[in-house]
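Scroll down for the structure; my scribbles are underneath it.
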Amino acid sequence: MAAVLDSAAPVRQRVHWTDRTGHLALAAIALALAAFLAGPLIAILAQSVEDSRGEFAGLDNFFAYFGTPALAQSLWNSVWVALLVTAIVLPAAFLFACAIARSCMPAKAVFRTIALTPLLAPSLLSAISFIYWFGNQGVLKDWMQALGIEQIYGAPGIVLSQIFSVFPHVLMILVTALSLADARLYEAADALGTSRARKFFTITLPGAKYGVASAAMVSFTLVITDFGIPKVIGGNFNVLATDVFQLVIGQQDFQKGAVVAVFLLAPALLSFVVDRFVQKKQTSMLTARAVPYAPKPRRGFDLAMTAYCLAVALLMCAVLGMAIFASFVKFWPYDLSFSLRHYVFGIIDGEVNVAFLNSLKLAFLTATAGTAVVFVGAYLMEKTHGADWLRPGVQLLALLPMAVPGLVLGLGYIFFFNAPQNPLNFLYHSLAILVLCTVVHFYTTGHLTAVTALKALDAEFESVSASLKVPFWKTFWRVTLPICTPALVDISRYFFINAMTTISAVVFLYAPETRLVSITILNLDEAGEIGAAAAMAVLIAATSLAVCILYLGIGWLVERRTQAWRNLK
């Protein structure tokens, strides 16, 4: 009987040494995320409960913060502005997304491209443009005052600029949500004589509820944590993001700065939790038997959607066009002749040429290193086995950057890496720390993109390789990597564009020799050279556009060289 029991006992499989190598690599990525993400966040939390001597102070810093009326007012200002912008952007972007996904209007690609153009420029470009439209010497200043708005500086300017800046982020989410629909539901509703309004509230809206909730959370978080727009057009209207900068850089009050960072972290974490909760409640809209929804021509609806999208596109072009026009004006508003004065001043006199090269270096290093780390980490998570105790922690650290604002992350890097006892202190004020901060800041989106691409691959690739005793890295190099190359191109482009335009994540970390062109825009604006600031913002947008075109060419080559198998029958 004992022999029978012994033979029935499960055989303990021996872990191959190649799997051990994968586990070590996964542990290295977990250690890196802990050092460059968890460490700075812990440093912020620790700083918020310490006094100026480094001793534990409990909640005294929080009570002192609320005891300062101006700081407490900043908290309320941030909240109501974020809510107002979200309340305006969400229905506006939803209607635009409906036009893209649910109508037969012409020139969809053109309208969508124009609507997404703000992603190529720093967020503060919109603030600079609205100053030229409605500022003290703005083109439409009298028109604005006729509406009862005395000046654009303050809450009105922040709201308008944030609407323009946040709109494309919300639109991308909603277009994706509305593109996934089962035509059978609408056919059944038509057969039952259901009205269009009822179909919208019983089919369209419930099917897109996860996208709507996610878009609302993204909008609220982006507005409440943005630094560039309030800094340029906020005037005396203080918000949390500008308070952090003033407390840390201006007053050297690190404890209150850490308290404000905690408040900035709270809504982002709340948004992340709500997003995960809604995601669990979301049901699949497309099943194996689903029929993809194809919009049918409706003359009245299509004309209305075309008119609406045309109006939005014209507003987008007006904001972008004003920034471009102002950058080439000789002396606003007295001499509107064409001139390269602002570009010459910014690049040569303002020494932006050095900052521009630094930005290109940052973007290139972030795109290459970030893409490599993100994809390898995702591969080790999805395609290797074992080390189950480690995987939940790595997954949490990979998703956490989505809930951490760039301003908070940058401040955490000050507290963590500027500590003399930290062995990584040598990274402080170097280009390397800017690269690391930027990679960590945008890690989650790249990780999710890589995971999506890897999940599309059958697990039998790895199973067959293991049965043939082929090391996992050979399978990775010869099979997985070529198939997933289009996703790698998308991840690299995402890292590059965001590294060129980011401000909040690096505003605390740059040194004179590592200053970036996006930060230089702030310095030019503070010096009163708003024309040069507009020129540098346009320069960033033009560079981002050129890089996107380059990536399109790379993507086309990749499709030809690595994806020919998709056309085999």
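Short-range pairs are left out: with C-alpha atoms under 8 Å and at least six residues apart, the relative contact order of the stretch 113-246 is 33 percent. Among the listed pairs LYS108/LYS231; LYS231/LYS256; LYS141/LYS330; LYS209/LYS455; LYS141/LYS209; LYS108/LYS209, those with a Cα-Cα distance over 29 Å are LYS108/LYS231; LYS141/LYS209. Near the amide H of LYS330, within less than 5 Å, lie the amide hydrogens of SER337, SER339, all on another chain or at least 5 residues away, with H placed in the peptide plane. Summing Cβ point charges (Lys, Arg +1; Asp, Glu -1) relative to the Cα centre of the stretch 296-385 gives a dipole of roughly 420 debye.
No lab work stands behind these numbers, since they all come straight from the coordinates. Just so we're clear, the structure is a prediction, and the values are computed from it rather than from any experiment. Please note: Cβ atoms are built from the backbone with ideal geometry, for glycine as well, and neighbour counts cover all protein chains shown.
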